[in-house]
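Worksheet: one structure, shown below.
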Amino acid sequence: MKKRLTFSLFALTLPVVTWANIIPTGTTVTGTGPYTWSYNLQLSQDQNVNSGLAPTSNPVPHENLTFGGFLTLYDFGGYIPGTCTGPAGWTCTTQNMGFTPDDVLPNDDPNLVNITWAYTSGPTLLGQPSGMNLGVFTAQSTMNGPGQVSYAARGIKNIGASAGTIADNVGSVTAPSFLDLDIETPIPEPMTVTYLGAGLVVLALIRRRAA
C-alpha cells in the first residue's frame, strides 16, 4: 500500500520580497521507498513566465532576459539521480550549488543536491487575470522525513511601470531532510546527583568502620 503524506504550506511558504512570483504549494509524498515528492507550482497574477535558456552560471544575472523563468529547490536530501520531472516545456537539472537569482539569498548547503526547473520552451505563461497553476513538479528521494529548505524563483513582472522586468523571490518549503543523528550525553537531574552523593558518604562511613 502506498503511503501519502500531505503538508500544509500556508504558514511554511514565506516569500520575503514584495513580488510573489512562482510559489511551490501542496507538497505531497507518495510511495514506500523510494519516495516521490510532488510540488504544485503557482504563478501569481502579477507575474509571467517567459521561455528561454536554462541557467548556466551562478548567480544568475539579474539583467539577462534571455533566461527562462525558473525555480530552484535547495538541499533536497536523499535525491535519486535522474528522477526529477516537470510539465511539458520545463527542463530539470541538478547541482550542488543551486542556480540562484543574483538578488536573493537562500540557504544552500554545498554538500546537498539542489534541483532547478527551468521553462525552456513554449508560449509565455500568463499570470493575468487571476494567477495560473503551472502544474506538478516531482523528484524522488530515499527519505520521507520532512524538513524546511529554501527555494528561489524568477519570473517577469506584468503590471505597472516595471512590467517586462525581472522579478525574483525566495522562501521556504517542505522537502526531504536529513535527521540530526547527534546523540547528546544525558545530564543527571539534581535529585539524582543528590542521591548519588549521599550514597558515596554512606559507603565511606561503612569502609571506615570496617577498618
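Considering the convex hull of the alpha carbon atoms of the stretch 46-110, report its projected area averaged over all viewing directions, in nm², one decimal.
Value for the stretch 46-110: 5.3 nm².
Given labels modelled 7 Å from the Cα in the Cβ direction, how far is it in nm from Thr165 to Thr66?
2.2
Placing +1 at every Lys and Arg Cβ and -1 at every Asp and Glu Cβ, with all other atoms neutral, what dipole size does the stretch 4-179 have around its Cα centre, in debye to the nearest 20?
420
Pull out the extension gain between Asn58 and Asp103, defined as 0.36 nm times the separation in residues minus the alpha carbon to alpha carbon distance; nm, one decimal.
The Asn58-Asp103 span can extend by a further 15.0 nm.
Here, each number is a calculation from the coordinates, and none is a lab measurement. Keep in mind that this is a model prediction, so the values were computed, not measured. Quick reminder, even Gly has a Cβ in these numbers, built from the backbone with ideal geometry, and neighbours come from all protein chains shown.
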